[in-house]
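A.B. asks: This is the structure, below, for whatever I ask next.
The values are calculated or read from the model by the stated rules, or taken from the named source; none is laboratory data. Since we're looking at a predicted model, the values are computed, not measured. Here the Cβ positions follow ideal geometry from the backbone for every residue, glycine too, while neighbour counts run over all protein chains shown.
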Amino acid sequence: MSDRYGDFVQSTIGKKVAKNLGLPLPESLDRFESGQRLVRGSVLVGRADGGDMSVSAAVARILSELHAEIYVNSRDDIKDALADAGIDAKANTGGDEKFKVLLFDASNISNADELKQVYEFFHFVARRIEKSGRVIIIGRPPEAIDDVETALAQRALEGFVKSVGKEFKRGVTAQLIYVAKGAEQHLDSTLRFFTSARSAYVSGQVVRVSQGDAVDVDWTQPLGGKTMLVTGASRGIGEAIARVLAREGAHVICLDVPQQQSDLQKVASEISGSTIMVDITSDEAGKEIAEAAQKRGGLDAIIHNAGVTRDKTLAKMDEEKWDMVININLASIVKLNRYLLDHEAFKDNARIVCVSSISGIAGNLGQSNYATSKAGVIGLVNATAKQLADNDKGMTINAVAPGFIETQMTEAIPFAIREAGRRMNSMSQGGLPVDVAETIAWLASPASGGLNGNTVRVCGQSLLGA
């Protein structure tokens with residue numbers, strides 16, 4: 001779907017008009033393209049003072065594998081960790097260098113005074129970050145910290161990151177990664193995602209990396225040899241998910257209702273996948289999915305994407321609209337997960353990824369049924385994550401919560417509401433289905449074993465529910 005205003009302000013005259021009138025200036029976002037380097041520019045790395053080098057050592061190891069140009073401030077002792085990883089970092093002289101990524105290890109910050117180190121690192125380079133740049137701070141999960149001063153300092157990082165995400169504009173994203181002590185080896189997939197163009201429309205997020213099974217992957221095809229099923233795969237976001245998973249090496253089982261057979265078969269044919277046509281609310285859906293999975297030795301991931309909207313204010317909403325949305329968007333996921341888990345349809349280290357919505361976080365006028373279903377999905381993820389953490393199969397479950405994404409569904413929204421939805425975020429634009437798909441591919445990766453129970457918004461840092 002075309003964003004005519006967004007296209008207009010990319011022109012010279014459009015940019016001038018918008019600037020003079022104080023109108024939003026959406027930036028054309030960098031997005032991932034096969035064959036390009038993961039990090040398309042220089043990285044400035046820093047760390048807070050302190051003796052624990054475990055996070056910095058993990059960051060250095062990952063950066064060495066990305067082959068990016070690394071800079072450090074002259075006083076920063078992270079140079080030692082980088083040198084140990086074989087990186088000959090350049091000195092940030094305060095000159096004209098521009099940076100694609102600003103990455104700061106704040107895991108050692110233990111009181112309010114020490115937060116000034118975050119200010120000092122970013123203050124002096126805030127105007128030197130490139131368009132579609134990345135701001136990443138790594139800390140420790142405050143809920144796991146007993147010391148009050150340390151916990152408050154680590155929690156304070158969230159306010160900083162969300163503010164920076166709104167300030168820097170120009171397509172710059174900002175994220176906070178809380179990594180549990182001893183889980184530093186699980187940073188790879190998350191750091192690769194957030195430093196890259198794959199995370200173009202994800203900003204202002206707080207992600208928790210915990211203990212999990214360590215799985216080595218070929219980063220050129222991280223999903224190679226995996227079998228993954230996507231519900232609602234015939235079009236829109238579901239189609240984009242199927243295509244991205246296949247691009248990353250997975251065999252994708254594309255699922256949709258029989259009415260979508262033609263579109264579904266077209267998608268599956270183009271990605272060398274397979275199809276299964278079933279109504280996910282039917283009593284036989286779990287059995288049919290399990291049988292399709294067993295033909296390929298089991299599932300490495302299921303992506304619960306299928307969903308519907310039947311919008312009406314509560315006073316005007318009939319029982320049928322309520323029941324349909326709850327059954328498809330929420331109850332079906334519960335039943336499918338239970339059946340597939342009970343009948344061992346998943347392989348070890350399998351991934352479950354659910355599609356929620358910012359409506360499930362913030363609520364929305366005329367969407368009491370939809371918001372209820374999508375909030376329920378988050379509750380399902382949180383509860384299931386606890387159960388999966390207690391087993392020995394290495395499985396995880398996470399969710400994505402899209403905001404305004406340019407699809408056939410949003411094209412049908414009245415013009416004024418559609419424009420408001422597009423502009424009410426830090427990017428001043430709607431996202432694309434591929435933005436949701438890239439995020440899901442990250443969560444579905446076998447290397448993402450440290451991610452369990454997260455809900456990641458794909459909304460350009462929407463003002464709703466923030």
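A.B. asks: Please go through the stretch 420-460 and pick out each residue that is of a type outside the set (Gly, Ala, Ser), modelled with pLDDT under 95 and in contact with a helix residue (DSSP H, G or I) (Cβ under 7 Å, 6 or more places away or on another chain).
C.D. replies: The one that is of a type outside the set (Gly, Ala, Ser), modelled with pLDDT under 95 and in contact with a helix residue (DSSP H, G or I) (Cβ under 7 Å, 6 or more places away or on another chain): Gln429.
A.B. asks: Inspect the stretch 216-229 for any residue being touching a Phe, Trp or Tyr at 6+ places or on another chain (Cβ under 8 Å) and either at pLDDT 95 or above or surrounded by fewer than 20 Cβ atoms within 10 Å (Cβ to Cβ) (or both) and give the result as yes or no.
C.D. replies: Among the residues of the stretch 216-229, not one is touching a Phe, Trp or Tyr at 6+ places or on another chain (Cβ under 8 Å) and either at pLDDT 95 or above or surrounded by fewer than 20 Cβ atoms within 10 Å (Cβ to Cβ) (or both), which makes the answer no.
A.B. asks: When both residues are 6+ apart or on different chains and their Cβ atoms are under 6 Å apart, which pairs have a first residue that lies in the stretch 309-330 and is over 23 Å from Thr384 (Cβ atoms), and a second that is among the β-branched types (Val, Ile, Thr)?
C.D. replies: Going by the 6 Å Cβ cut-off, the qualifying pairs are Arg310/Val325.
A.B. asks: Moving to a separate point now. Please pick out the residue among Asp323, Asp311, Asp348 that is assigned to a strand (DSSP E or B) and surrounded by fewer than 22 Cβ atoms within 10 Å (Cβ to Cβ).
C.D. replies: Answer to the selection: Asp348.
A.B. asks: Select the helices (runs of 4 or more DSSP H) contained entirely in the stretch 213-308, then report the ones holding at least 2 residues which are in the same structural domain as Asn329 (by TED's automatic domain parsing) and closer than 27 Å to Ile62 by Cβ.
C.D. replies: In the stretch 213-308, the matching helices (runs of 4 or more DSSP H) lie at 236-247.
A.B. asks: Now a separate question. If I ask for residues that are surrounded by 20 or more Cβ atoms within 10 Å (Cβ to Cβ) and assigned to a loop (DSSP other than H, G, I, E, B), which ones from the stretch 126-150 would you list?
C.D. replies: Once the filter is applied, which keeps residues that are surrounded by 20 or more Cβ atoms within 10 Å (Cβ to Cβ) and assigned to a loop (DSSP other than H, G, I, E, B), the stretch 126-150 yields only Arg140.
A.B. asks: Scanning for something over 29 Å from Thr220 (Cα atoms) and either touching a helix residue (DSSP H, G or I) at 6+ places or on another chain (Cβ under 8 Å) or not assigned by TED's automatic domain parsing to the domain that holds Thr195 (or both), does the stretch 388-402 turn up at least one residue?
C.D. replies: Yes, the stretch 388-402 contains at least one residue that is over 29 Å from Thr220 (Cα atoms) and either touching a helix residue (DSSP H, G or I) at 6+ places or on another chain (Cβ under 8 Å) or not assigned by TED's automatic domain parsing to the domain that holds Thr195 (or both).
A.B. asks: Shifting gears a bit: With respect to Arg208, determine if the residue is touching a helix residue (DSSP H, G or I) at 6+ places or on another chain (Cβ under 8 Å) and either at pLDDT 95 or above or not aliphatic (A, V, I, L, M) (or both).
C.D. replies: No, not satisfied.
Table: residues versus (1) assigned to a loop (DSSP other than H, G, I, E, B); (2) within 15 Å of the chain's Cα centre (by Cα); (3) within 22 Å of Gly236 (Cα to Cα).
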residue: Ala371; (1), (2), (3): no, no, yes
residue: Ala447; (1), (2), (3): yes, yes, no
residue: Asn452; (1), (2), (3): yes, yes, no
residue: Leu464; (1), (2), (3): yes, no, no
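A.B. asks: If I ask for residues that are hydroxyl-bearing (Ser, Thr, Tyr) and either over 25 Å from Gln429 (Cα atoms) or surrounded by fewer than 24 Cβ atoms within 10 Å (Cβ to Cβ) (or both), which ones from the stretch 439-465 would you list?
C.D. replies: Matches in the stretch 439-465: Ser445, Ser448, Thr455.
A.B. asks: What number of residues within the stretch 83-114 are outside any loop (DSSP other than H, G, I, E, B) and closer than 19 Å to Ala183 by Cα?
C.D. replies: Residues flagged as outside any loop (DSSP other than H, G, I, E, B) and closer than 19 Å to Ala183 by Cα within the stretch 83-114 amount to 3.
A.B. asks: Answer yes if at least one residue in the stretch 311-329 is closer than 28 Å to Phe193 by Cα and modelled with pLDDT of 95 or more, and no otherwise.
C.D. replies: Yes, the stretch 311-329 has at least one match.
A.B. asks: If I filter the stretch 104-113 for residues that are over 27 Å from the mean Cα position of the chain (by Cα) and among the acidic types (Asp, Glu), do I get at least one hit?
C.D. replies: Our first condition is that a residue be over 27 Å from the mean Cα position of the chain (by Cα); within the stretch 104-113, this holds for 110-113.
From the residues that got through so far, the ones that are among the acidic types (Asp, Glu) too are 113.
Among the residues of the stretch 104-113, at least one is over 27 Å from the mean Cα position of the chain (by Cα) and among the acidic types (Asp, Glu), which makes the answer yes.
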